[in-house]
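Written below as structure tokens is the structure these notes are about.
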Amino acid sequence: MTWIHGPENNLTNVGWLKDLSWNFYAGLHPKFEVMMNFDGIWNENPNATTQRSWGLGGYARFSPTEKFRIAQRYEYFDDTEARSTGFEQILKEYTLTFEYAPEPRFITRLEWRRDWSTTDFFSRGLGGFNDNQDTMTLGMMWIFGPTE
């Protein structure tokens, strides 16, 4: 758990920013692990409106073999006071990841992600904005450094 507390308002030391971050991880089985995360941010500014935002996320990962993993992640972010994104909204995301590591230091990932909001927040280029978006990513990682 991490707690940050202190003055953070523009041009003054009056008012306080409070940031709480909590993470939980459990390796429930050699082939299955879960994680949860909570973040809360409160900005108390006597010269403006006090703003709050908070989020909760979780993921689960299953490793049927040493070289292949499947993970799912879901996140919820409440910014109904527009503290973090500048828009009054609730954001959600779901991600599905397939990971293949043919060698311990070379990892490939195929990932599909769905984001959605309670307002038109995601850019469609010249087509304006929409309340959702889908992305797909193919990535490769080479790991350098000590083996242990």
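Any chance the stretch 44-63 includes a residue that's loosely packed, with under 12 Cβ neighbours inside 10 Å, in contact (Cβ under 8 Å) with a residue 12 or more places away in the chain and within 30 Å of Arg105 (Cα to Cα)? No, every residue in the stretch 44-63 fails to be loosely packed, with under 12 Cβ neighbours inside 10 Å, in contact (Cβ under 8 Å) with a residue 12 or more places away in the chain and within 30 Å of Arg105 (Cα to Cα).
Determine whether Leu11 is of a type outside the set (Asp, Glu), surrounded by fewer than 17 Cβ atoms within 10 Å (Cβ to Cβ) and on the phi > 0 side of the Ramachandran plot.
yes
Somewhere in the stretch 113-136, is a residue of a type in the set (Phe, Trp, Tyr), within 16 Å of the chain's Cα centre (by Cα) and surrounded by 11 or more Cβ atoms within 10 Å (Cβ to Cβ)? Yes. Listed by position, the strands (runs of 3 or more DSSP E) inside the stretch 1-46 whose residues that are out of contact with any strand residue (DSSP E or B) (no Cβ under 6 Å at 6 or more places or on another chain) and under 23 Å from Ala60 (Cβ atoms) number at least 2 are 16-29. Out of all the residues in the stretch 65-112, which are surrounded by 13 or more Cβ atoms within 10 Å (Cβ to Cβ), over 30 Å from Trp16 (Cβ atoms) and acidic (Asp, Glu)? Matches in the stretch 65-112: Glu99, Glu111.
Readers should treat all values here as calculations from the given coordinates under stated rules, not as data from a laboratory. Keep in mind that what you see is a predicted model, and the values were worked out from it rather than measured. In this analysis, Cβ positions are derived from the backbone assuming ideal geometry, glycine residues included, and neighbour counts consider all displayed protein chains.
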